[in-house]
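*Asks:* One structure, pasted below without further comment.
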Amino acid sequence: MNHRWMIVQGRTVFAAGIVLAALLFAGGCLFSRGVSVSADQPVILLPTAMYHSVTDEGDSPSQYVISPSMLERDLQYLQAHGRETITIHDLLAYVKHGTELPEKPVLLTFDDGYYNNYKYAYPLLKQYGMQAVLSPVGSLTEQFSQTDDTEHEVWSYCTKQELKEMADSGVMEIQNHSYDFHELKPRKGCLRMAGETEAAYRQNFLSDTQQAQDLFVSIGIAAPVCYTYPYGAVNAETAALTEVYGFPVTLSCEEGVTAITRDTACLRGIRRNNRDGRLTSEQFWDALLVKTEG
């Protein structure tokens, strides 16, 4: 597939309507987030994939599980189409400091920190010279760092040592997916529980977030600058708390592409598309990348 990447950059945009159309095509999400866009501001429509488990075992492939061979085909597809992976820090450098991004950037993210990400995704990314964002659940990292049963492909999670190795390699950038908010009951993700006061919720959220930050820093990983909402659960209250904590970037589970500008507000609630294992590489990426066409 020879899709054209839509990047309006380094030249004057002759009509404000061009930028407006691009933003509307991206879902209109930036207007609701208060992003200011001028007629001559560069706009990049960024496709982001959200992966979870990578294994041939269990119920693979399924909605949230792909096989290692499928992941490799994804990487081959991206390479063949001139796509270059970026990280959260690359986005921050572009938005805040004007550092250029590749002509055809793509963001690959892995949620939860499954051991199989270390076993399969990490070496494959390294083999193809690509990078990804890994958002582990802190409590699961600690749990599986204290047991000998650490290499089960379906239900084991990465240990501290494995996370440190991936982070040090530059292949996996580690971000915050909460310490212990990865649940659906009694709390849905990081949302406030029924009966929980606003003050108690604020304290619990900030404490959980700090616990995850402290864990990663304690094992020699740079403090995360991005909060990945557990289960994609977010409302105005949780979004405000991530700002209170100081995260300049957040990752959502809302599908579509994100319009990246020089306004830092565009980095809050980056849209991600679940990599459904029931789709082929061509089916998934064709459908996603067509949204970036001009």
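The values are calculated or read from the model by the stated rules, or taken from the named source; none is laboratory data. Since we're looking at a predicted model, the values are computed, not measured. Don't worry about glycine lacking a Cβ; one is built from the backbone with ideal geometry, like all the others, and counts go over all protein chains shown. Only protein heavy atoms, including side chains, enter the accessible area calculation; ligands, DNA and RNA are left aside. Shrake-Rupley method; radii C 1.70, N 1.55, O 1.52, S 1.80 Å.
*Asks:* Which residues, taken from the stretch 170-189, are open to solvent by less than 60 Å² (accessible area, probe 1.4 Å), farther than 17 Å from VAL225 by Cβ and touching a Leu at 6+ places or on another chain (Cβ under 9 Å)?
*Replies:* Those that are open to solvent by less than 60 Å² (accessible area, probe 1.4 Å), farther than 17 Å from VAL225 by Cβ and touching a Leu at 6+ places or on another chain (Cβ under 9 Å): VAL171, PHE181, HIS182.
Results for (1) closer than 20 Å to LEU279 by Cα; (2) in contact with a Pro (Cβ under 7 Å, 6 or more places away or on another chain); (3) touching a residue at least 40 places away in the same chain (Cβ under 8 Å), shown as yes or no for each residue.
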residue: TYR51; (1), (2), (3): yes, no, yes
residue: ASP112; (1), (2), (3): no, yes, yes
residue: TYR128; (1), (2), (3): no, no, yes
residue: SER135; (1), (2), (3): no, no, yes
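*Asks:* Among the residues of the stretch 40-66, which ones are among the polar types (S, T, N, Q), open to solvent by 10 Å² or more (accessible area, probe 1.4 Å) and assigned to a loop (DSSP other than H, G, I, E, B)?
*Replies:* Result: GLN41, SER60, GLN63.
*Asks:* Can you tell me which residue in the stretch 190-214 is least open to solvent (accessible area, probe 1.4 Å), limited to those that are among the charged types (D, E, K, R) and under 24 Å from TYR114 (Cβ atoms)?
*Replies:* It comes out as ASP208.
*Asks:* Next question. Based on this model, can you work out whether TYR120 counts as free of Cβ contacts under 8 Å to residues at least 60 places away in the same chain and either within 30 Å of GLU293 (Cα to Cα) or open to solvent by 10 Å² or more (accessible area, probe 1.4 Å) (or both)?
*Replies:* no
*Asks:* Let me ask another. Restricted to the stretch 229-272, and to residues that are assigned to a strand (DSSP E or B) and either open to solvent by 10 Å² or more (accessible area, probe 1.4 Å) or in contact with a Lys or Arg (Cβ under 9 Å, 6 or more places away or on another chain) (or both), which residue is nearest to LEU108 (Cα to Cα)?
*Replies:* Across the stretch 229-272, the extreme among qualifying residues is LEU251.
*Asks:* Also, I was wondering about something else. Would a scan of the stretch 221-228 turn up a residue that is exposed (fewer than 14 other Cβ atoms within 10 Å of the Cβ), more than 30 Å from ALA121 (Cα to Cα) and touching a residue at least 12 places away in the same chain (Cβ under 8 Å)?
*Replies:* For the stretch 221-228, residues exposed (fewer than 14 other Cβ atoms within 10 Å of the Cβ), more than 30 Å from ALA121 (Cα to Cα) and touching a residue at least 12 places away in the same chain (Cβ under 8 Å): absent.
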